[in-house]
Amino acid sequence: MDQSLRKTSLDGLADFLVDRRVPISMVVFSSLVLKDVVLGAKPHDTGNLGDPYAVAGLLLVLWGLAIRSWAAGVIRKSKVLATTGPYRLCRHPLYLGSLAMMLGFCTILGSALDAGVVFGPVLMIYVLTIRREERRLAERHGETWWQYAATAPRLFPTRLFTNWSTEWSMAQWLKNREYNALVTSLAALTLPHFWQQL
């Protein structure tokens, strides 16, 4: 096969995965929950604060929501390159928050195998997404992007954060529809508690 055709096919697959990352993540995670229902396995009870796995999962989900909310109130997508607030910590705090939330939900489910099934493929999709977004940001912002990228790590913060000043906006948070993640996650956090009562 011609190298250019192979690249095009792989790029097409990457674009398919990136464009559908949220539904793919939901289907994979929902499938694991359905498997647990069928097999009679129960998650850790999020209402039991004496269960260290439930507490760790809750804290990871809430920390991820906080990071996402902070970032969503700062970023003005397709307008200005976000470099303040959480974007000083890393270039992709929204994805950092999402990964923390996913790890938290996997901890609540309580299966290392399930965590690997979810975390591995979704992390791969996020890597593809980040690469595509960074190409677009470099094209749009040029030298400004490259200067910023040289100072902020891609995904995982590597230094302590000292400058907390930022222009967070509730209107921007609403415009970015971050309430969807908040409402969905909080509802999902209540399900394991009720599941335990069955």
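You will find that of L94, L113, the residue that is within 17 Å of the chain's Cα centre (by Cα) and not small (G, A, S) is L94 and no other. Taking the criterion of being within 18 Å of L94 (Cα to Cα) and touching a Leu at 6+ places or on another chain (Cβ under 9 Å), the residues of the stretch 134-157 that qualify are L137, W145, Y148, A149, A152, P153, L155, F156, P157.
If I125 satisfies every condition in (1) over 28 Å from D11 (Cα atoms); (2) in contact (Cβ under 8 Å) with a residue 60 or more places away in the chain but one, which is the exception? The one condition I125 does not meet is (1). Take V55 and tell me if it is among the aliphatic types (A, V, I, L, M), free of Cβ contacts under 8 Å to residues at least 60 places away in the same chain and either under 18 Å from P192 (Cβ atoms) or part of a loop (DSSP other than H, G, I, E, B) (or both). So V55 fits the description; yes. Based on this model, can you work out whether W146 counts as within 19 Å of W70 (Cβ to Cβ) and in a helix (DSSP H, G or I)? For W146, the condition - within 19 Å of W70 (Cβ to Cβ) and in a helix (DSSP H, G or I) - is not met. Per the listing D45, D36, the residue uniquely closer than 20 Å to A188 by Cβ and modelled with pLDDT of 90 or more is D45. Output yes when any residue across the stretch 150-170 is of a type in the set (D, E) and in a helix (DSSP H, G or I), and no when none is. Among the residues of the stretch 150-170, not one is of a type in the set (D, E) and in a helix (DSSP H, G or I), which makes the answer no.
L155 meets the conditions (1) surrounded by 18 or more Cβ atoms within 10 Å (Cβ to Cβ); (2) in contact with a His (Cβ under 6 Å, 6 or more places away or on another chain) in every case but one. The failed one is (1).
Of the residues making up the stretch 171-198, those that are outside any helix (DSSP H, G or I) and at pLDDT 90 or above are N176, R177, E178.
The values are calculated or read from the model by the stated rules, or taken from the named source; none is laboratory data. Owing to the predicted nature of the structure, the values given are computational and were not obtained by experimental measurement. In this analysis, Cβ positions are derived from the backbone assuming ideal geometry, glycine residues included, and neighbour counts consider all displayed protein chains.
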